[in-house]
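Before any comments, here is the structure.
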Amino acid sequence: MHKAKAIAATGINVVELVDIELPEPKPGEVLIRTEYTAVSPGTELRCIAGLQRGDVAFPFIPGYSLVGVVESAAADSPVSVGTRVFAGGTSHASINLQWGGHVSYAIGRAHRVVPIPEGCPPQWGTLSKLVAIALRGCRIAEPKPSDKVAIVGLGPIGLLSLRQFRAAGANVLGVDQDASRVDRAVNSGVAASVVTSTIEEAVYSHFGQGADIVVDATGVPAVLPQSIMAARELPWDQSNIVGPKVLIQGSYPDPFTLSYNDCFMKELHILTPRDHTPANLVEAVGMIADGTIKVDDLISWSGDTGSAPDVYAQLRSDRTVMTAVFDWRG
């Protein structure tokens, strides 16, 4: 058994640094010594609040974004000892896992870890999964260079979606009620607006005829009916124009309701990306490494694991904080 540390959720909105044990890696697995882990705020805060569907019993290890160095591997492993890799968390531990990302050591499946290119800061690499999630959404939406794309909600996934659609050549706009989040988008060189009345008004005032693709990245079921209204209208004529698309990119803990008539009148194409594929993750790592997708400004805090309780409390209360990265090297 390997002794390790973990950030664990031990009760509703309670996190602690705890001792855990890991079994010996099985054939096809590698042991990873963690350098950094990143918080995925929307999902992790929901899990820690006990609101995740199929909830795992406390205590559990949250998170799914880890970068570390392979410390042991089988002779026929596709990754060798000393390789820096991204992993989604540990596959095994002595307490429950809600993906198991925040650990000092992790056991990962050798064929699922992704090497981090030389020269890519490992802290940036921890955001690979978030980049891959946004990439998956962009890919299934299939934007054309002429498309007008509105991203609603400028948290980490919203900002990364904004950057993915821009990299794909689309004409993008981000909207949010929070001025600090809008400022972050504008400072990275994209158009963004504060929603002062309705999402529809904010988008139509910018694009004129609404958006060809609306990306809802809020994770708030009550916002979705407002987001679909930002999609352009479909004319009743002889043209061959197809209806706009709505990409439901956020993570929603509760059921949501959409007006059939609103969807019908716009002939909406509703898309629901499912996380990401392994190939998306490999591509996302490359995008971070070569600078195609900027991520450093999403890391609002970086520091010692002992600060975890305060960090999660701040993520719950302060919308100016995008995400946090824990340093496990000490």
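The values are calculated or read from the model by the stated rules, or taken from the named source; none is laboratory data. As the structure is a computational prediction, the values presented were derived from the model and not from experiment. Cβ: placed from backbone, ideal geometry, glycine included. Neighbour counts: every protein chain shown. Ligands, DNA and RNA are excluded from the accessible area calculation, which covers all protein heavy atoms including side chains. Shrake-Rupley method; radii C 1.70, N 1.55, O 1.52, S 1.80 Å.
Once the convex hull of all Cα atoms in the chain is built, its volume per residue stands at 132 Å³.
The GNM of the chain, with springs linking C-alpha atoms under 10 angstrom apart, assigns the highest mean-square fluctuation among I157, I48, I241 to I241. Note on S302 and K144: their simple-model spin labels are 4.2 nm apart, each label 7 Å out from Cα toward Cβ.
Pairs of lysines in the chain whose Cα atoms sit within less than 21 Å of one another amount to 8, provided the residues are eight or more positions apart or on different chains.
Please give the FRET efficiency for A57 paired with T272, using the beta carbon to beta carbon distance and R0 = 22 Å, rounded to the nearest 0.05.
Efficiency for this residue pair is about 0.20.
Each residue, M265 and S80, gets one label point 7 Å from its Cα in the Cβ direction; the gap between the two is 6.4 nm.
Give me the percent of accessible area attributable to carbon and sulfur for region 53-120, probe 1.4 angstrom.
That fraction is 50 percent.
Protein heavy-atom accessible surface, 1.4 Å probe, per residue over region 35-150: 37 Å². Ranking P278, T90, G250 by Cα position along the charge dipole of the chain, where only Lys, Arg, Asp and Glu carry charges on their C-beta atoms, puts P278 farthest toward the positive end. Only protein atoms count toward the accessible area here, which uses a 1.4 Å probe; on region 200-293, the carbon and sulfur part of that area reaches 55 percent. Magnitude of the charge dipole for the chain, about its Cα centre and with charges confined to Cβ atoms of Lys, Arg (+1) and Asp, Glu (-1), is about 340 debye. In this calculation the C-beta distance from R109 to I241 is compared with R0 = 35 Å, giving a FRET efficiency of 0.15.
In a reduced charge model with +1 at each Lys and Arg Cβ and -1 at each Asp and Glu Cβ, region 63-219 shows a dipole moment near 340 debye about its Cα centre.
Please report the relative contact order for region 191-330, taking Cα pairs under 8 Å with a sequence separation of at least 6, and give it as a percent rounded to a whole number.
It comes to 17 percent, rounded to a whole number.
Compute the signed sum of charges (Lys and Arg +1, Asp and Glu -1) over the other residues within less than 12 Å, Cβ to Cβ, of Y36.
0
On a full-extension model of 0.36 nm per residue, what is the gain between T196 and E118, subtracting their alpha-carbon distance, rounded to one decimal in nm?
Details: separation 78, 0.36 × 78 = 28.08 nm, distance 4.44 nm.
Working it through step by step, the gained length comes to 23.6 nm.
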